[in-house]
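Enquirer: Below: one structure in C-alpha cells.
Please treat every number below as a calculation from the coordinates, not as lab data. Keep in mind it's a predicted model, so treat the numbers as computed, not measured. Note that each Cβ is placed from the backbone with ideal geometry, even for glycine, and that neighbours are counted across all protein chains shown.
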Amino acid sequence: MSILFSQGRIGDLELKNRFIHSATYEGMAEETGKVSDRLVRRYKTLAKGEIGLIIPGYCYVHQSGRAFKYQTGIHSDDMIQGLKNITDAVHQEGGKIVFQIAHAGRQTKKDLIGQVPMGPSKMGRDPINFSKAVSMTEGQILEIIEAFGQAARRAVEAGADGIQLHSAHGYLINQFLSPFFNQRDDKWGGSDENRFRFMKEVVQFTKKEMPEDMPLLVKLNTNDYTPKVGITPELAAKYAKWLGEIDIDGIEVSCGSAVFSFLNMCRGDVPVKELVGNLAWWMKPLGKLMMNSFVGKYDLEEGYNLEAAKMIKPLIGNTALAVVGGIRTKAMMEEIIEAGHADFLSMSRPFIREPSIVKKMKEGTADAVACESCNRCLAAAASNMQVKCYNKGFPKK
C-alpha cells in the first residue's frame with residue numbers, strides 16, 4: 001500500500017491517511033456568519049471522499065476581523081450550533097475536522113465590518129480594498145487575543161477535533177509576525193521576538209480553552225511576497241522553531257498575501273476577465289491593465305512551498321508538518337512523505353474539483369489530480385460567488 005494511505009498523527013489526533021483539506025474560503029455562509037445547509041453538505045461530501053483531515057474555510061473570531069460577505073463566523077455563541085452541524089456531518093462519514101480561526105486585520109473593508117480596518121501599524125492604502133487601516137491600540141490587541149480564545153471555546157463546544165490558527169496570507173497574526181506589516185516600536189514590534197509576541201499570546205489564550213489532548217495547529221507563511229521585505233523562509237524557520245517550543249502540534253506551510261500577492265498563494269493561470277468582472281466600472285481599466293501584466297508570471301510549479309518545508313522540518317522536533325501549494329501528482333506526494341520533507345499533504349483547489357480524489361488514488365483509478373489551476377475559483381471568491389470548479393467559465397448572468 002502507498003505510504004499516502006498510512007496512518008499519521010498530529011499530537012494525539014490519529015488520521016487515517018496523509019491528506020489534509022486545506023482551509024478554503026467557501027462563500028457559503030449566511031450573511032450573519034451562520035453555517036448554511038449547503039456548507040454542511042459540502043463537508044459531508046468531502047468526508048465521504050476519505051480525506052484524512054478536513055479544515056474548513058477560515059472562521060472570523062471578531063466582527064472587526066471579517067474578510068468576506070459570506071464568510072463563516074465563530075465570533076458569537078449563536079454560531080455554535082451551525083458549526084456543530086458541520087462536525088456532526090463529517091464525523092458521521094468517519095472524518096476528522098479542525099476549525100481554522102482567523103482575524104482579517106487590515107485585509108477587509110469598512111462597509112463590511114462597520115468600522116475602519118485595523119492592523120499592527122497604520123500604512124498606506126490597501127491596493128485591492130482601497131482602505132487605510134489604523135494602528136491597533138493596546139486595548140484592541142488584548143480584546144482580539146481574548147476573541148481567539150473564545151473562538152477556540154466555541155470550536156470545542158461544536159465538537160471539533162482540533163483548531164488551526166491562521167497566521168498566513170496577510171491576515172492579522174501574519175501581520176504581527178511580518179516586518180512589512182508590523183512597524184511598531186512597542187512590545188508588539190521592533191524585533192522578531194516582539195513581533196512573535198501576539199502569536200504567542202494567542203496560542204496561550206487558545207490553549208486555555210482547549211482540552212489538553214486536543215491538537216493546536218498553525219498555518220504559517222514562509223514568504224509574504226510583499227513589496228518590501230516581510231516574512232522570508234529564514235524568518236519563517238525561526239518562527240516555526242519557536243512554535244515547536246510552545247507545543248504547537250502541527251504546522252502547515254504556505255505563502256503569499258491575499259492583498260499584496262494573492263497570485264503567489266494560488267499559482268497557475270491568471271483569469272483576467274473573471275478577476276476584473278466584479279470591479280466597479282471606474283476600476284476596470286486599471287484592473288485589467290494590472291491583471292494582464294501578471295499573465296505568465298505565476299505559472300504553477302508543483303510543490304512551490306516544498307523548499308521552505310525542507311528548511312523547517314528539521315527544526316520542529318515532533319511537531320507535525322503539512323505542506324500546501326500546487327501538489328498535483330501521486331508520485332510527488334509519495335516522494336515528499338517518503339523523504340520525510342513533510343508528514344502531511346494539504347490541498348485546496350484539487351478538492352474543489354474532485355472531492356473524492358483521495359478515494360480515487362487509493363483505489364488506483366487516478367495518479368494525478370484533475371485541477372488545472374485555472375484560478376477561476378479564486379476569482380469567484382472575489383466576486384462573492386460560492387466555491388466550486390468554474391473551469392468552463394462563469395455562468396452567464
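Enquirer: Which value, in debye to the nearest 20, describes the size of the charge dipole of the chain about its Cα centre when Lys and Arg Cβ atoms bear +1, Asp and Glu Cβ atoms bear -1, and nothing else is charged?
Expert: Here the chain has a charge dipole of around 1500 debye.
Enquirer: Another question, if that's okay. Between beta-carbons, use under 14 Å as the cut-off and find the net charge around Met79, counting Lys and Arg +1, Asp and Glu -1.
Expert: Residues near Met79 contribute 0 overall.
Enquirer: Would you mind calculating the gained length between Lys122 and His91 on full extension (0.36 nm times residue separation, minus the Cα-Cα distance), in nm to one decimal?
Expert: 6.8 nm
Enquirer: Ratio to report: Rg/Rh of the range 3-382, with Cα atoms as the point set and Rh obtained by the Kirkwood method; give two decimals.
Expert: My calculation of the ratio gives 0.93.
Enquirer: Taking a point 7 angstrom from the Cα of Lys297 along the C-beta vector, which residues in the range 259-288 have backbone N less than 12 Å away?
Expert: Counting backbone N atoms under 12 Å from the label point, the list is 261-264.
Enquirer: From the square roots a ≥ b ≥ c of the eigenvalues of the alpha-carbon gyration tensor of the range 174-238, which class results: rounded (a/c under 1.5), prolate (a/b over b/c), or oblate?
Expert: oblate
Enquirer: How large is the convex hull of the Cα atoms of the range 30-126 per residue, expressed in Å³ as a whole number?
Expert: Normalising the Cα hull of the range 30-126 by residue number yields 101 Å³.
Enquirer: If one computes the Cα centroid of the range 91-134 and of the range 204-246, what distance in Å separates the two points?
Expert: 18
Enquirer: Is there a quick way to get the dipole size of the range 98-206? I mean about its Cα centre, with the Cβ of Lys and Arg at +1 and of Asp and Glu at -1; what is the value in debye to the nearest 20?
Expert: Rounded to the nearest 20 debye, it is 340 debye.
Enquirer: Taking the Cα centroid of the range 137-194 and of the range 7-48, what is the distance between the two, rounded to the nearest whole Å?
Expert: Answer, in whole Å: 22.
Enquirer: Mean projection of the alpha-carbon convex hull of the range 58-203 over all orientations, in nm²?
Expert: Its average projected convex-hull area is 8.6 nm².
Enquirer: Sort the following peptides by mean Cβ neighbour count (other Cβ atoms within 10 Å, averaged over residues), highest first: 276-282, 386-392.
Expert: 386-392, 276-282
Enquirer: I've got another one for you. Can you give the FRET efficiency for Glu234 and Trp281, using 1/(1 + (r/R0)^6), R0 = 56 Å, r = Cβ-Cβ distance, to the nearest 0.05?
Expert: 0.80
Enquirer: Continuing with the same structure: Please name which of Ile54, Gln204, Leu39 has its Cα lying farthest along the dipole of the chain towards the positive end, using unit charges on Cβ (Lys, Arg +1; Asp, Glu -1) and the Cα centre as origin.
Expert: About the Cα centre, the residue reaching furthest to the positive side is Leu39.
Enquirer: Hey, another quick one. Set the Förster distance to 41 Å, then compute FRET efficiency between Asp186 and Lys69 from the Cβ-Cβ distance, nearest 0.05.
Expert: About 0.75, to the nearest 0.05.
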